[in-house]
Amino acid sequence: MAICGVKFRAYPTIEQSRKLAQWIGCSRVIYNCKVDEDLENYKQFKDTGQNTPVNQAFSHFKTQDRIWLKECPSQILRNSTVNWYTAKQRFFKKLAQNPTKKRKGQRDSVLLTNELFTFKKEDDSTNSTRLKLFIGTKTNSLGFLKFIAHREFSIPKQVVISRKNNHWFVSYCYEVDGPTERSEEELLEEYSSFSEDSLKKITIGIDRGIVKPFQLSNDQSYDFDSRTKNNFLKKQRRLKRYQRRLSRQKLQSNTRKKTKKKIGKLHTNIANIRHDFCHKVSHSVVNSEDMVIAVEDLKLKNMTKKPKAKKDEQGKFIANGARAKAGLNRALLSKGLGKTISLMEYKARKKEKLIIKVTSAYSSQECAVCGHIHPDNRKTQSEFLCLFCGNYDNADLNAAKVVAIRAIKFLMSKPKAKAKTRLGISRSKVRRGTCKTPIEETLLCASSDDP
């Protein structure tokens, strides 16, 4: 059995939007109440040496001050408590940080279990894209929620309804019949048994950068076309103009709310352009004849950190290049260098292909022919000339070939797969507040829906 995730655009009516927003708010209140309750229990029991009580009780939060919680289906409140409890258990297992409060407007979503929804056939058709989604209970009915299914699906056990920039989405995971995906250990064991000549025929290297987002070792490169670049820059200029306008407007005014909606819409458009590019690149690379894909192990989080403040001898702040670094960070993040690799990983597993991350140290200074490393080998951004053997090539293409060579050497050393935790991320990389609850895992699985 394999697990598939989908995310469809939903179009609720005005009344449905209002009620869904209430359910999201009630779910968020219960989650935050459990966070506050856990903090108070910790303060109370930390000096006594007793364990802090952790449970899934929520009925005591329905006080006179929160009388509106009784209008929300109890299953939604229960699901929110289960989300907090799951996040807390992950904290105990040292897989995530302690759950923190949720803020309005950030990942607004509500988890619906199978007591709160049913899929009904629109007609006698067996096509699942013609199914209608009914939400609610007998006493608290939302009615049929309109959504556009761009692919067939199976009936899930739970559904997540989310809202982002006034756009509504329905996402869920479901099981499908089919062969299970091969593990990384099995793929490593298979490809490490190949000879060096065989690996050279099936291995491709990818160099990532700003000028050329993705340069392959077979002389193929991927970048935004001129029309998309112009559209991208146009929306970024408009975004700056709206942000300047927002900073001058009066708080809580209707004009400011309209400007915020326009900013949110622009952010969505920019993200969609980037997401579309990432899917197209990952799809093209994975569907090539190459079975081993080598990429640089770039630490994008560290590469895009803002510079530390600098002071002179008198303690006065001096220029630290923050503006130039901000431009560099913006250029790195706008290309989707990390998102593309994440999409490529799950698509490669379906094709039984192996993705290897090799060290990126000195890959731009190393010669792909003789292996000589020197800073002067790279004369300019686009030219590479080896001082030892005289090899002349495009700098990005040479770096991609070096990445492929490093991957082949790695496979020839008979490696073993490293132990992974938390959706493939090591424990040392867990960030504060990134606890993967059932609702967040459903959204994560659905966000990687291959068009």
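The values are calculated or read from the model by the stated rules, or taken from the named source; none is laboratory data. This is a predicted model, so every value here is computed, not measured. Methodologically, a virtual Cβ is constructed for each residue, glycine included, from the backbone with ideal geometry; neighbour enumeration extends over all protein chains shown. Note: accessible area is taken over every heavy atom of the protein model, side chains too, but ligands, DNA and RNA are not part of it. Shrake-Rupley method; radii C 1.70, N 1.55, O 1.52, S 1.80 Å.
The table for this structure:
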{"read-out": "Whole-number percent relative contact order across the range 1-147, with pairs defined as alpha carbons under 8 Å at least 6 apart", "value": "27 percent"}
{"read-out": "Hydrodynamic radius of the chain per Kirkwood, over alpha carbon pairs, in Å", "value": "25.7 Å"}
{"read-out": "Table column - 3J(HN,Hα) (Hz), the range 14-30, Karplus curve with 6.51, -1.76, 1.60, x for Gly and Pro", "value": "4, 5, 5, 4, 5, 6, 5, 5, 5, 5, 5, x, 5, 4, 5, 5, 5"}
{"read-out": "Sites SER253 and THR304 - FRET efficiency at Förster radius 45 Å, r taken between beta-carbons, to 0.05", "value": "0.85"}
{"read-out": "Mean Cβ count within 10 Å, highest first, over the residues of peptides 157-163, 402-408", "value": "402-408, 157-163"}
{"read-out": "Exceeding the 27 Å Cα-Cα cut-off - candidates LYS280/LYS301; LYS121/LYS347; LYS261/LYS325; LYS234/LYS310; LYS308/LYS379", "value": "LYS121/LYS347; LYS261/LYS325; LYS234/LYS310; LYS308/LYS379"}
{"read-out": "Under-5 Å amide H pairs with ILE356, H placed in peptide plane, nonlocal only", "value": "ILE293, ALA294, VAL295"}
{"read-out": "Cα-based convex hull, the range 202-288, per residue volume (Å³, whole number)", "value": "107 Å³"}
{"read-out": "Kirkwood Rh in Å, taken over the range 108-214 so that all alpha-carbon pairs contribute", "value": "18.5 Å"}
{"read-out": "Long-range HN-HN contacts of SER221 with modeled amide H, under 5 Å", "value": "LEU216"}
{"read-out": "Across LYS299/LYS357; LYS132/LYS351; LYS235/LYS262, pairs whose alpha-carbon gap is larger than 23 Å", "value": "LYS132/LYS351"}
{"read-out": "Rg(Cα) / (2.2 N^0.38 Å) computed for the range 325-390, rounded to two decimals", "value": "1.50"}
{"read-out": "Accessible-area composition of the range 38-82, carbon plus sulfur, in percent [1.4 Å probe]", "value": "46 percent"}
{"read-out": "Separation of alpha-carbon centers, the range 343-406 and the range 50-75, rounded to whole Å", "value": "57 Å"}
{"read-out": "Average Cα contact separation per residue, the chain, under 8 Å, 6 or more apart, as relative contact order %", "value": "22 percent"}
{"read-out": "Candidate aspartates and glutamates for bridging to LYS353, where Cα separation is under 15 Å - those fewer than 8 sequence places away on the same chain excluded", "value": "GLU181, GLU184, GLU185, GLU186, GLU189, GLU190, GLU289, ASP290, GLU345"}
{"read-out": "Highest average packing first - 328-334, 48-54, 288-294, Cβ atoms within 10 Å", "value": "288-294, 328-334, 48-54"}
{"read-out": "Value at 222 nm in deg cm²/dmol, rounded to 500, when DSSP H runs of n ≥ 4 in the chain each add -39,500 (n - 2.57)", "value": "-13500 deg cm²/dmol"}
{"read-out": "Rounded accessible area per residue of the range 174-273, 1.4 Å, Å²", "value": "67 Å²"}
{"read-out": "Anchor LYS93: lysines whose Cα lies under 17 Å away (excluding residues fewer than 8 positions away in-chain)", "value": "LYS420, LYS429, LYS436"}
{"read-out": "Values of log10 I(q)/I(0), in the order q = 0.18 Å⁻¹, for the range 4-163 under a Debye, Cα-only, solvent-free model", "value": "-1.15"}
{"read-out": "Mean Cα-pair separation over length for the range 61-188, i.e. relative contact order, pairs under 8 Å, 6 or more apart, %", "value": "19 percent"}
{"read-out": "The range 1-79: equivalent-ellipsoid semi-axes (sqrt of 5 x gyration tensor eigenvalues, Cα, Å)", "value": "32, 20, 10"}
{"read-out": "Cα extents of the range 254-337 along the three principal axes, largest first (Å)", "value": "62, 44, 14"}
{"read-out": "Proximal aspartates and glutamates to LYS7, defined as alpha-carbon separation beneath 12 angstrom and excluding residues fewer than eight positions away on the same chain", "value": "GLU152, ASP449, ASP450"}
{"read-out": "Alpha-carbon radius of gyration plus Dmax, which is the widest Cα pair, for the range 168-229 in Å", "value": "18.7, 51"}
